[in-house]
Amino acid sequence: MLNTKLIGMGVALITPFKEDETIDFEALKRLVEHQIKNGTDYLVVCGTTAETPTLTDDEKDEITRFVVNCVAGRIPIVLGVGGNNTKLVVNQLQTKDFSGIDAILSVTPYYNKPSQEGIYQHYAAIARNSPLPVILYNVPGRTGVNMLPETTIRLANEFPNICAVKEASGNFTQIDDIIKNKPADFMVISGDDGITFPLITLGAVGVISVIGNAFPKEFSKMVRLALQGDYNNARQIHYKFTELFNLLFVEGNPAGVKSMLAVMGMIENKLRLPLVPNTIKTYEKIRKVLNELI
């Protein structure tokens, strides 16, 4: 049952690159195995953290198939399928090979700045054409538009295959409103590592995490403890990561987590323009904090 599969910590996989900016599939395999061995509940492929806007369609398909083959059914996989051209997204849903994929994650239309009715109609078209359950993704800091709770609830009530929302608005009142008024089987997933613990205490079912790329064992333990109601022990792990949460996004995502993974020897510290690696100052701060944690 999908509702149980998406409880806990999902990880938004980065895309490792070699120095020549080609995809480093050996590093990607290491990363996938690192996730599976250390308690990650599911993976999100081709999301924001994967630098998806800089990947070609062929590269996205190649990464997806590679991860599906590596995972081999051991944990669920969610695939990012979204955009600001509704017809194009619908066409992808109608034509893509979704073998090995359990659900799709679809971001609110960015740049266009649609009204709430436009957002509703966009997701209605996706829901009617998706062969898989749909996770809504609200991240106004990136898209320029905030999906209001009433729109989320409207979609959750009208389309049974819209199963969850990844909420990255950072607005506790808004997220609490969704949790309070949602259908019983509709899931609210944290989209921000730093507020995952308090959101679980309100009723969120977990997180789609960035920091989980580097610390799947520790962060998934925090999520599990919080979901079990062991708030004291979960809070201690949450506080342990407080400084890293700040460093993670100070110069953009996934620059922070790629620096962490590079310090750990997992990947090359390479991004595709217009994104660039962290400054030396931030990189050294990350190295210092990691040395204290590891």
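The values are calculated or read from the model by the stated rules, or taken from the named source; none is laboratory data. On a predicted model such as this, the values are computed, not experimentally measured, just so you know. Using ideal geometry, Cβ is built from the backbone for each residue, glycine included, and neighbour counts are taken over all protein chains shown.
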- Task: Residue by residue through segment 238-272, note down the ones that are part of a loop (DSSP other than H, G, I, E, B), touching an Asp or Glu at 6+ places or on another chain (Cβ under 9 Å) and modelled with pLDDT of 95 or more.
- Result: 254, 267, 268, 270, 271, 272
- Query: So which pairs qualify, if the first residue must be in segment 34-53 and farther than 11 Å from residue 11 by Cβ, the second must be of a type in the set (D, E, K, R), the Cβ gap must be under 8 Å, and the two must be at least 6 apart or on different chains?
  - Reply: 46/60; 48/142; 51/272; 52/60
- Task: Confirm whether residue 189 is β-branched (Val, Ile, Thr), closer than 20 Å to residue 105 by Cα and either surrounded by 24 or more Cβ atoms within 10 Å (Cβ to Cβ) or at pLDDT below 95 (or both).
- Result: yes
- Message: Looking at segment 202-233 only, could you name the residues that are in contact (Cβ under 8 Å) with a residue 60 or more places away in the chain and either on the phi > 0 side of the Ramachandran plot or touching a Ser or Thr at 6+ places or on another chain (Cβ under 7 Å) (or both)?
- Response: 206, 207, 210, 212, 216, 219, 220, 223
- closer than 30 Å to residue 263 by Cβ, aliphatic (A, V, I, L, M), within 18 Å of the chain's Cα centre (by Cα) and in a strand (DSSP E or B): does that describe residue 199? no
- Message: Given the criteria assigned to a helix (DSSP H, G or I), in contact with a helix residue (DSSP H, G or I) (Cβ under 7 Å, 6 or more places away or on another chain) and surrounded by 17 or more Cβ atoms within 10 Å (Cβ to Cβ), does residue 32 qualify?
- Response: yes
- Since residue 252 meets every condition but one in (1) at negative phi; (2) among the small types (Gly, Ala, Ser); (3) surrounded by fewer than 20 Cβ atoms within 10 Å (Cβ to Cβ), which condition does it not meet? (1)
